[in-house]
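**Q** This is the structure I want to talk about, given as structure tokens.
The values are calculated or read from the model by the stated rules, or taken from the named source; none is laboratory data. Everything quoted here is computed from the prediction, not taken from an experiment. Counting neighbours? That spans all protein chains shown, and the Cβs are built from the backbone with ideal geometry, glycine included.
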Amino acid sequence: MNTQLEIAQAYKDFHAGKYGKINYNQKKLKYITMEQVLSKTKWIIDPMHSQIGFKVKHLMVANVRGTFKEFEASINTKEEDFLSAEVDV
């Protein structure tokens with residue numbers, strides 16, 4: 001645990017520029033309306049924790065299974081559920 005003296009010294013060092021300068025004018029905040037927030041949500045599939053696969057019946061005898069090693073996918077939705085979602089693979 002830091003003492004009050006150590007905390008006060010770190011505060012002074014920070015404002016004196018010992019740890020670098022912060023450009024407060026560099027980033028401007030962008031305000032958006034609630035309508036823009038609710039208009040569309042984009043979900044991006046994480047390929048490290050996801051898998052896309054398929055199964056095809058061959059000659060009505062055997063099933064052939066496969067997976068894709070590389071893929072990108074996203075889901076766009078305007079509603080709370082995924083009934084009207086758009087899927088891009």
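**Q** If I filter segment 50-60 for residues that are at positive phi and at pLDDT 85 or above, do I get at least one hit?
**A** Within segment 50-60 (the criterion being at positive phi and at pLDDT 85 or above), the answer is yes, since at least one residue qualifies.
**Q** So, one more: Which residue pairs have Cβ atoms closer than 8 Å, lie 6 or more positions apart in sequence or on different chains, and pair a first residue in segment 76-89 that is of a type in the set (Phe, Trp, Tyr) with a second residue that is modelled with pLDDT of 80 or more?
**A** Taking only residues 6 or more apart or on different chains, the pairs are Phe82/Ile75.
**Q** Taking the condition modelled with pLDDT under 80 and on the phi < 0 side of the Ramachandran plot, does Gln4 pass?
**A** On the way: modelled with pLDDT under 80: no; on the phi < 0 side of the Ramachandran plot: yes.
No: the conditions fail for Gln4.
**Q** Cβ contacts < 7 Å: first residue more than 21 Å from Asp88 (Cβ to Cβ) and in a strand (DSSP E or B), restricted to segment 36-60; second residue at pLDDT 85 or above and among the aliphatic types (A, V, I, L, M), any location; separation 6+ or different chain. Result?
**A** Matching pairs, first to second residue: Val56/Val64; His58/Val64.
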